[in-house]
Structures are given as C-alpha cells and as structure tokens.
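Working notes for the structure below.
The values are calculated or read from the model by the stated rules, or taken from the named source; none is laboratory data. Since the model is a prediction, treat every value here as computed from it, not as a measurement. All Cβ positions, even for glycine, are placed from backbone atoms using ideal geometry, and neighbour counts span all protein chains on display. Note: areas computed on protein heavy atoms with side chains; ligands, DNA, RNA excluded. Shrake-Rupley method; radii C 1.70, N 1.55, O 1.52, S 1.80 Å.
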Amino acid sequence: MSDVATGSFAERYAALTDPRSGSLGADALSSAGLFLCGISACVDARVEMNDIQPLLDAPADTQAARLAALLLSRAARGVGGEVRFDWPEGPAWLRERLRPRYALGGTGPQAAWVLGQLGVRSLVALEDRHDLMLRQIPPGVLLAQSGTLKAVDEVPAAGPHIPEIFIFEFTAGRAIGPVVPPRSSRVIIRFGDRGIQHDAEFESVSRQLAPSAAAGLLSGLNDEATENVGAASRHVFALSRDWKDAGLRTIHFELAGYASQQAVDELLSNARGAISSLGMSHSELLAMNPSAYHPMEALVALGERLGLERVCVHADTWAAAVTLNDPREEELALMAGCAIASARAANGAPARDISVSPSAEFHPLPFEAPVRKGRWTFVACASPYLDKPAATLGLGDSFTAGCLLILGRARHANAGQNLQHA
C-alpha cells in the first residue's frame, strides 16, 4: 500500500494521501514552490436551490421567472455549467431576497485557495480590490502591491463594488419544487461580462518570479464578451510567453465554457507556443468535439495543434490526459487532482488534510489506459466519486490545483531567494 503505482485505486489513493510518505502529505507539500494564478476573479454568491422560493414565486413573464425556469430545467436534467443571463438588476434582486454565502471565485483564485489550505503559496491577479472582494481572500493567497508580495490584510481596499456571480447548487434526490435532480451539480449565472483582471502589478511581479515559480495557471477568458475574446487572449498569452521565455516550464490554461465555439477557436489560435498544458471538463471537450466520449484522439489532436506537452480532461468518475512526458508522473498528477477535488466534495470547501472519504466509489474506467499513440501516451485514473457531495462548486479548479502540485514540484530551485527580492 505504500506504493502509489501499484494495487487497486483505493490502495493507491491511500498511499498518495499518506500524511508522512504520500505526495500530498505534509512533508511533500512543505517543499512546494510559488504558483502564479490568473487571470479572472470574482465574488461567488452561493445559494442552495432548495432556498429559491422567491424566484419560484416570481410573476410570469419577468426576468426572475425566466431565471427560475432555466435553473429548474437544468436541475431536472442534472446539468450544471455556466450561463450568461441578461439581467443587469439580477444581482441586487437576488441579494435582497435570497441568503447567499459569499466566497472567492474564478479558476485562478479558487486554485490558489485550494493550495493555500495545503500550506502552499500562490500569487493571484486581482484588479477588483473592493472591500467585499478582499474579505474573500484566504490566508496563503498573495497579491502584488508596490512591486512586492503582500498578504491581503496589507492591501487597502479600493474601487467600486463589482456585481457578484451567483452559484445555484443542487443535490441529487433533493427536491426543488416539482423537480428532483438526478445528479448533484451547480449552475453558475453571470449577469454581465466582467472581463479579465488587468492587474499590472501581478503581471510585473509574475514576470520577475517566473524563472523560479513552480507553475503558472491561466483561465477566465470566458469572462470577456465574445467580441473581446480575441484581444484579451492575445494579452493573456503575451504574458504567458514572457513566463515561458523566462524559464517557467509548466504553464497551464484551463478552458471553461464559452458562448460560442468561434470564441474557443479564436483564443486557441492565439495559444500556440504560449502554454505547455491545456485542461477542460469532459462536457467542454464534447462541446468542441461531440464524438470525444473516448477522449484520446481529441486530446492528441489538440496537443499537436497547439504544440503542447500535455492535454487533460476531467469527468465525474475519471480523469485522463495525453502527455509527451513521463506517463507515471502524469498519472500521479491526475490522481492528485482527483484526490483534492474529492476531498473538497466531501468537505464542502477546500480541505486542509487530503483523504478519501469512506463513502467514495471507484467506477471502472470506460476505456483502456495507458495506451501509446505515436509520440503521445494516454493515461487515465478513476476518481473517488461521491454520489451526494457536500458541494460541487470548485471541484474542477481543485482538480487543476492538484495536477499542478505534482507537475510543478522540484521546478523552483531558487524560489525562496527570488521571493525575497521581488
């Protein structure tokens, strides 16, 4: 059981999460470097869908009633995802009538939150520094201020309140009015296009730290209006090219969902040579390639098209990737991502200690792995799956953080010295 490379998946996850000898144990995490996390951020307003009666009671032919119908339709099908809903007054309407719980949002900040809970430091991009936003920043998540790294309590609040994103969470088997969801998930509702975080301090300091950082994470271009995705992606990938030129080896871009496939194609056309790794959910991969139920061919095609070292995909019960690097390290990265996401699902928030819940199930992989495909290796692992998680929000971001912990280890030899002088 001490060897994460052998045994059943339950035994291998137990070895991975062993607090003394595992790759996710305290000893291993204590030597992790600094992670660079951008480039969108928001405040999430979380609402249990069992508590949306004011929406369900809204008069017909109003935006509130239309939103209720959208949420019920998705919950009835067990479909989560992210939707832009054209209702500028929506955040204020919901804030007054529901009881949201606030938290840090955005893929980069969510991953940084996960890492911070494990004692690993991250620098995040944050232009929107209003009071409500700063109150969501947890310990271990750093901001760039006056050319140095600062904890949030050292950063003054500034700027206007930016409307929050509403997250409507539902649980399998738990009724919402007339609807009983068959699957646990969440629907993310954006009431406007916030855009990426144009944090000049982050961009400057991250360029200085790139040679010694463990890894870089970028995401959030779906926060831009469709017509702005091209220009925003050119800006973001110019930053990541600078990181790459400075010597940062692992630069991951997490895709997310977009209003059109044209926007996805445009941003990916700007990504070649700017990143080393690409990730997405299985539903996002299927949106690009509806035949990719077995993901290997689609992942290899993306890797070749963009000149990548790895492409990964995560689903409810499995995760998979194609890689040009060590397939054993890649499988370990996938398992670390799944373990951290599963611990968050069981805990309801990022966990301080990673372990696999006794109620977790391991489903058989729906395909053979590992498999060689030319110069690529396809690897996959089963994920510790919880049928009724305490929360589904942020699980993909937690998976990404776990992968990067493994991929970015031992790649930050001079991090401590550079951090002191940034």
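Below, the figures for the structure above:
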| read-out | value |
| --- | --- |
| HN-Hα J in Hz across segment 189-198 - Karplus 6.51, -1.76, 1.60, θ = phi - 60°, x for Gly and Pro | 10, 9, 9, x, 9, 6, x, 6, 8, 8 |
| Candidate aspartates and glutamates - alpha carbon under 13 Å from Lys373, same-chain residues fewer than 8 apart omitted | Glu297, Glu304 |
| Amide H contacts of Cys42 (H built 1.01 Å from N, under 5 Å, at least 5 apart or other chain) | Gly105, Gly106 |
| Efficiency of FRET from Cβ geometry, His235 and Val371, R₀ 41 Å, rounded to 0.05 | 0.65 |
| Residue-span extension gain [Ala92 to Ser8] - 0.36 nm each, minus C-alpha spacing | 25.2 nm |
| Per-peptide average of other Cβ atoms within 10 Å, ordering 317-327, 334-344 highest first | 334-344, 317-327 |
| Spin-label pair Leu70/Asn50, simplified geometry with 7 Å Cα→Cβ offset, distance in nm | 2.5 nm |
| Net lengthening on full extension, Asn289/Thr317 (0.36 nm per residue, minus Cα-Cα) | 8.1 nm |
| Within the chain, helix-based [θ] at 222 nm, where runs of 4 or more DSSP H residues each add -39,500 (n - 2.57), nearest 500 | -10500 deg cm²/dmol |
| Ser281 long-range amide H proximity, modeled H, under 5 Å | Ala256, His314 |
| Within-12-Å neighbourhood charge of Trp376 [Cβ basis; K, R +1; D, E -1] | 0 |
| Summed residue charge, Cβ within 13 Å of Leu143's Cβ, Lys/Arg positive, Asp/Glu negative | -4 |
| Inter-part distance where segment 152-216 and segment 1-54 are each reduced to a Cα centre, Å | 18 Å |
| Rounded accessible area per residue of segment 28-159, 1.4 Å, Å² | 40 Å² |
| Rg followed by Dmax, in Å, when the chain is reduced to its Cα trace | 20.5, 62 |
| Exposed GluC sites (Glu not before Pro) absent: longest stretch of the chain, with sites in DSSP loops and at most 12 other Cβ within 10 Å deemed exposed | 90-367 |
| Within the chain, percent of DSSP bridges classed antiparallel, to nearest 5 | 50 percent |
| Note, ³J(HN,Hα) from phi for segment 321-338, Karplus 6.51, -1.76, 1.60, rounded to Hz, x at Gly and Pro | 7, 10, 9, 9, 9, 5, x, 5, 5, 5, 4, 4, 5, 4, 5, 4, x, 5 |
| Cα gyration tensor of segment 222-304 - equivalent ellipsoid semi-axes, whole Å, descending | 22, 17, 9 |
| Segment 65-125: C-alpha gyration tensor shape, a/c 1.5 cut-off, then a/b vs b/c | prolate |
| In sequence order, calculated HN-Hα J values of segment 294-303 (Karplus, 6.51, -1.76, 1.60; Hz; x Gly/Pro) | 9, x, 4, 4, 5, 5, 4, 4, 5, x |
| Sparsely packed trypsin sites (Lys or Arg not before Pro) within segment 1-62, loop by DSSP, other Cβ within 10 Å at most 11 | Arg20 |
| Computed FRET value (nearest 0.05) for Asp61 with Asn228, which takes r as the C-beta separation and R₀ as 45 Å | 0.90 |
| For Asp245, solvent-accessible area (1.4 Å; no DNA, RNA or ligand), Å² | 130 Å² |
| Segment 80-214: relative contact order as a whole-number percent, Cα under 8 Å and 6+ apart | 30 percent |
| Partners for Lys150 among aspartates and glutamates (Cα-Cα distance below 12 Å; same-chain residues under 8 apart left out) | Glu201 |
